[in-house]
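Take a look at the structure below.
The values are calculated or read from the model by the stated rules, or taken from the named source; none is laboratory data. Here the structure is a predicted model, which means the values were calculated and not measured. Glycine gets a Cβ as well: all are built from the backbone with ideal geometry, and neighbour counts include every protein chain shown. The accessibility values were calculated without ligands, DNA or RNA, using every heavy atom of the protein model including side chains. Shrake-Rupley method; radii C 1.70, N 1.55, O 1.52, S 1.80 Å.
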Amino acid sequence: MSDKIIRKIQSFVKRSGRLTEGQKYGLNDLWPEYGIDPIVDKIIDFDTLFEKQQDVILEIGFGNGDSLLQMAINEPERNFLGIEVYEAGVGRLINEAHKNELTNLKVIKEDAVEVLKNNIANNSLAGFQLYFADPWHKKKHHKRRIVQNEFMDMMSNKLINNGFVHMATDWEHYAQQMMETLESHAHFKNTLSAHKYLPRPKRRPITKFERRGERLGHGVWDLIFTNEK
């Protein structure tokens with residue numbers, strides 16, 4: 001299915017606010033080292049973007065970046081590309097990446113759907129991560145959820161064969177929609193048996209947000225599927 005049919009429905013709220021000096025430093029001074037400014041209809045060359053040629057994992061909506069940062073530290077054998085529109089989170093992640101001297105992490109501050117359509121080559125991603133995306137909990141806003149059939153069609157194209165999709169949410173209804181959308185898709189297969197969620201994998205760091213939810217009695221649902229073309 002063509003990438004061009006993806007509906008132009010914004011799945012995020014662009015938050016703004018006062019930035020700390022560290023966040024400003026990340027966004028401005030360190031941007032040339034870690035940030036990417038996509039050019040319309042120009043594919044990003046991962047082989048020249050990263051210091052090492054290795055599998056690329058894409059994460060959309062990394063928030064303040066704690067989880068993505070820890071993964072990049074823990075898995076130097078992989079390259080990580082994060083897309084987020086929240087400036088404070090972007091600045092913070094870049095600043096922390098610099099402190100840890102990471103060379104396997106890059107950041108884009110744009111609409112992820114547009115970047116995928118225009119700048120990411122098919123069969124180029126080894127994995128896709130989506131953790132605690134906005135659940136748009138009101139029924140009339142469910143169409144704004146990023147996990148929709150059209151989006152997963154595009155993601156299947158961008159992933160290599162046997163590439164993985166890992167999603168996590170603390171909103172049960174969204175978890176059910178994720179499961180139904182992935183299981184009904186021709187190219188995605190649950191790594192567990194049908195309709196099964198899994199406990200948080202060790203490679204996904206637990207965040208402050210998640211710990212707070214656990215204290216409040218909130219559940220968390222993880223799903224891992226493979227892309228089989």
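Before moving on, here are some points about what is shown:
- Checking residue 222 against (1) among the charged types (D, E, K, R); (2) out of contact with any Ser or Thr (no Cβ under 9 Å at 6 or more places or on another chain); (3) within 20 Å of residue 75 (Cβ to Cβ), the condition it does not meet: (2)
- Output for the range 85-110, where each listed residue is in a helix (DSSP H, G or I) and more than 21 Å from residue 120 (Cβ to Cβ): 87, 88, 91, 92, 95, 96, 98, 99
- The set of residues from the range 38-73 being open to solvent by 80 Å² or more (accessible area, probe 1.4 Å) and either touching a residue at least 24 places away in the same chain (Cβ under 8 Å) or within 24 Å of residue 203 (Cα to Cα) (or both) comprises 39, 40, 41, 42, 43, 51, 52, 53, 55.
- Subset of the range 150-176 (residues that are of a type in the set (S, T, N, Q) and at pLDDT 95 or above): 156, 157, 161, 162, 176
- Selection of the range 33-84 for residues being acidic (Asp, Glu), part of a loop (DSSP other than H, G, I, E, B) and either within 19 Å of residue 154 (Cβ to Cβ) or in contact with a strand residue (DSSP E or B) (Cβ under 7 Å, 6 or more places away or on another chain) (or both) yields 41, 55, 84.
- Within the range 95-123, considering residues that are surrounded by fewer than 20 Cβ atoms within 10 Å (Cβ to Cβ) and polar (S, T, N, Q), the one farthest from the chain's Cα centre (by Cα): 100
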